[in-house]
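Structure first, then comments.
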């Protein structure tokens, strides 16, 4: 659970800094054993996959995931986070989107700084890769990988940031080395289902 808290703390710190608002708890309901905000349009298929859409951002939540947070944290900022179902598993995906543009390099550097300044990571051995220029869903993006080395093993993560037509979107993926193969497949499925609609 500590590894999940690590990423949540620095994301909340980032949102508080860049939006001026504090994090709050959503009104939620349970749909197919998944906790999710009642504000969102949901459709579950016969396999238990839930279609999530909010503010034009959409993706599929498989039964392998538990929703941790689904909240509007400021007038123009949203935060969604989910972890793998198994208590021993380490998969975590978080999505943050802002309804305005931020420079991608500034956004990614800000995420890294907030992560290193959080008390959970401050004394950990965190190693970031160089920022890579890439594409995500056809949008120009920035990406970096990181490893957190502790006595309990290695946690690896990936941060992807991109601008759609009117949003700045950040996607965080994290896993422990023991679950990496399984969680990588779950993350791949999440990415394949991800969409941004802007009317």
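Since every read-out is calculated from the coordinates, none of them should be taken as a lab result. Just so you know, these numbers come straight off a predicted model, no measurement behind them. Cβ placement follows ideal geometry from the backbone for every residue including glycine, while neighbour counts extend to all protein chains displayed.
What the table shows:
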quantity	calculated
Any chance residue 78 is buried (at least 20 other Cβ atoms within 10 Å of the Cβ) and in a strand (DSSP E or B)	yes
Lone qualifier among 193, 170 - being surrounded by fewer than 18 Cβ atoms within 10 Å (Cβ to Cβ) and in contact with a strand residue (DSSP E or B) (Cβ under 7 Å, 6 or more places away or on another chain)	193
Out of 119, 140, sole residue that is over 17 Å from the mean Cα position of the chain (by Cα) and either buried (at least 20 other Cβ atoms within 10 Å of the Cβ) or free of Cβ contacts under 8 Å to residues at least 60 places away in the same chain (or both)	140
Selection status of residue 146, within 19 Å of residue 57 (Cβ to Cβ) and not in a helix (DSSP H, G or I)	no
Of all residues making up the range 58-68, the number that are out of contact with any helix residue (DSSP H, G or I) (no Cβ under 6 Å at 6 or more places or on another chain) and surrounded by fewer than 20 Cβ atoms within 10 Å (Cβ to Cβ)	5
Options 126, 161; residue that is touching a strand residue (DSSP E or B) at 6+ places or on another chain (Cβ under 7 Å), outside any helix (DSSP H, G or I) and under 23 Å from residue 69 (Cα atoms)	161
Filtered residues of the range 165-175 (kept if out of contact with any helix residue (DSSP H, G or I) (no Cβ under 7 Å at 6 or more places or on another chain) and either in a strand (DSSP E or B) or in contact (Cβ under 8 Å) with a residue 40 or more places away in the chain (or both))	166, 167, 169, 171
Residue check for residue 102: part of a loop (DSSP other than H, G, I, E, B) and in contact (Cβ under 8 Å) with a residue 40 or more places away in the chain	yes
